[in-house]
Amino acid sequence: MAYETIIVEVEDHVAQITLNRPDALNALNDQLLQELVSALQEAQANDKVRCIILTGSDKAFAAGADVKMMSDKSFVEMFSEDFFGAQHDAITRIRKPIIAAVSGYALGGGCELAMMCDFIIASDTAKFGQPEINLGIMAGLGGSQRLTRFIGKSKAMDMNLTGRFMDAEEAERAGLVSRVVPVKKLKEEARSAAGKIAEKSMMSVMAVKEAVNRSFETTLSEGLLFERRVFHSLFATEDQAEGMSAFKEKRQAQFRDK
Ligand code: CO8
């Protein structure tokens with residue numbers, strides 16, 4: 001499918017989706033989010049794709065929802081169309097792993113989009129923020145919920161109430177991002193992480209994604225039971241037999257996603 005606001009490249013089992021509205025610092029509008037959802041669903045359906053990278057430009061991952069598109073909307077319009085609700089849900093239903101590779105601004109909906117991914121690798125120039133308060137609104141795609149779970153109440157309140165930006169070093173310290181690398185190395189680092197994931201059994205990969213995400217939705221004892229049952233169920237796969245045989249035979253496992 002031809003896209004206008006994103007670029008999709010599939011290579012070596014990895015789909016890289018690059019947000020591409022440079023004139024608006026990749027601000028999220030209806031078209032971009034629709035195209036992003038379609039590209040993610042295509043990647044989900046494509047057997048060749050085993051991991052997805054979502055990235056932007058050096059200057060901006062995404063500077064938020066498109067303020068110019070939103071500015072004239074009324075409450076009735078926002079509520080009745082459930083603004084960005086369907087796109088949010090569709091993105092979070094993707095079962096293959098998604099790595100956010102963030103450089104430059106990840107603000108408002110941009111920070112929230114990065115948090116919808118499974119983990120964030122940041123460049124040393126990345127800046128995260130929830131500056132919606134400066135516009136007389138507030139976060140609407142996870143900035144008050146996911147961010148609080150990632151970095152705790154105090155920092156989440158600080159970010160959401162003052163609208164200040166957090167640099168990459170602070171974001172790593174606070175647990176928002178998993179690694180920070182020099183900006184020139186960002187794509188390489190993300191591809192290397194995606195390549196490692198692509199070598200694993202998709203059965204284990206999707207089970208891990210479901211189990212970790214379940215931890216945000218449930219109690220510890222329910223989550224531990226879910227984890228244990230999924231762990232048990234992986235012993236029904238050929239890949240478990242292959243992985244353990246390969247270990248004993250001191251060779252590389254050949255997973256077949258079965
Ligand atoms: N929306 C629309 N256009 C934008 C946005 C945006 N969020 N951010 C930047 N742009 C545009 C600018 O208007 C400018 O366009 P033009 O050249 O036509 O004037 C161009 O991108 C370049 O931007 P700047 O000239 O401002 O670049 P600077 O380097 O000077 O500044 C900043 C960069 C600091 C990132 C600055 O652009 C900025 O503050 N942007 C807005 C950040 C922001 O407030 N984001 C939050 C938006 S609201 C939101 O995300 C809500 C999400 C929840 C959705 C709810 C769903 C339920």
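The values are calculated or read from the model by the stated rules, or taken from the named source; none is laboratory data. Given the structure is predicted, the values throughout are model-derived calculations rather than measurements. Here the Cβ positions follow ideal geometry from the backbone for every residue, glycine too, while neighbour counts run over all protein chains shown. Side chains are part of the model used for accessible areas, which takes the heavy atoms of the whole protein and leaves out ligands, DNA and RNA. Shrake-Rupley method; radii C 1.70, N 1.55, O 1.52, S 1.80 Å.
Which ³J(HN,Hα) values in Hz, rounded to whole numbers, follow from the phi angles of segment 49-59 under the Karplus curve 6.51 cos²θ - 1.76 cosθ + 1.60, where θ = phi - 60° and Gly and Pro get x?
After applying 6.51 cos²θ - 1.76 cosθ + 1.60, I find 8, 10, 7, 10, 10, 10, 9, x, 9, 4, 7 Hz.
With label points built 7 Å along Cα→Cβ from the Cα atoms of I133 and T218, find their separation and express it in nm.
Going from the I133 label point to the T218 one covers 3.5 nm.
Distance in nm between label sites at V10 and Q34, each 7 Å beyond Cα in the beta-carbon direction?
2.3 nm
Taking just the alpha-carbon atoms of segment 201-249, what radius of gyration and Dmax come out, in angstrom?
12.4, 39
Name the GluC sites (Glu not before Pro) in segment 1-68 that are in a loop by DSSP and that have at most 11 other C-beta atoms within 10 Å, would you?
Answer by residue number: E4.
To the nearest 10 degrees, how steep is helix 220-233 against the longest Cα principal axis of the chain, on a 0 to 90 scale?
40 degrees
Convex hull over the Cα atoms of segment 152-258, averaged projected area in nm²?
9.7 nm²
Gaussian network model of the chain, Cα springs within a sub-10 Å range: biggest mean-square fluctuation belongs to which of H88, H13, H232?
Maximum fluctuation in the GNM of the chain, among the listed residues, is at H232.
For a test of the definition: using alpha carbon positions, the gyration tensor, and the 1.5 limit on a/c, classify segment 61-169 as rounded, prolate or oblate.
It comes out oblate by the Cα gyration axes.
Under the Karplus relation 6.51 cos²θ - 1.76 cosθ + 1.60, θ = phi - 60°, what is the ordered set of whole-Hz ³J(HN,Hα) values for segment 115-124, x standing for Gly and Pro?
Rounded to whole hertz, the list is 6, 6, 6, 7, 7, 10, 9, 10, 7, 5.
Counting only residues 5 or more places away or on other chains, whose amide H sits under 5 Å from the amide H of A60 once H atoms are built in the peptide plane?
Residues meeting the criterion, in which the H sits 1.01 Å from N, are Y105.
Could you pull the accessible area for E169 with a 1.4 Å probe, rounded to 10 Å²?
Only protein atoms counted, so the area is about 130 Å².
Indicate the gyration tensor shape class of segment 1-86 (rounded, prolate or oblate), computed on the Cα atoms with a ≥ b ≥ c the square roots of the eigenvalues: a/c under 1.5 is rounded; otherwise a/b larger than b/c is prolate and the rest oblate.
Cα axes put segment 1-86 in the oblate bin.
Counting only residues 5 or more places away or on other chains, whose amide H sits under 5 Å from the amide H of R179 once H atoms are built in the peptide plane?
Residues meeting the criterion, in which the H sits 1.01 Å from N, are A122.
Run lengths n ≥ 4 of DSSP H only: what is the helix-derived mean residue ellipticity at 222 nm for the chain, with -39500 (n - 2.57) per run over all residues, to the nearest 500?
Computed mean residue ellipticity for the chain: -13000 deg cm²/dmol.
Using the Cα gyration tensor of segment 6-198, with a ≥ b ≥ c the square roots of its eigenvalues, what is the shape: rounded (a/c below 1.5), prolate (a/b larger than b/c) or oblate (neither)?
Taking the square roots of the gyration eigenvalues as a ≥ b ≥ c, segment 6-198 is oblate.
Under the Karplus relation 6.51 cos²θ - 1.76 cosθ + 1.60, θ = phi - 60°, what is the ordered set of whole-Hz ³J(HN,Hα) values for segment 197-213, x standing for Gly and Pro?
5, 5, 6, 7, 6, 5, 4, 5, 4, 5, 5, 4, 4, 5, 5, 5, 5
Which of E81, E132, E188 moves the most in a Gaussian network model of the chain with Cα springs under 10 Å?
Evaluated over the chain, the most mobile residue of the options is E81.
Based on alpha-carbon centroids, what's the gap between segment 131-175 and segment 1-56 in Å, whole number please?
Taking the Cα centre of each part, segment 131-175 and segment 1-56 sit 25 Å apart.
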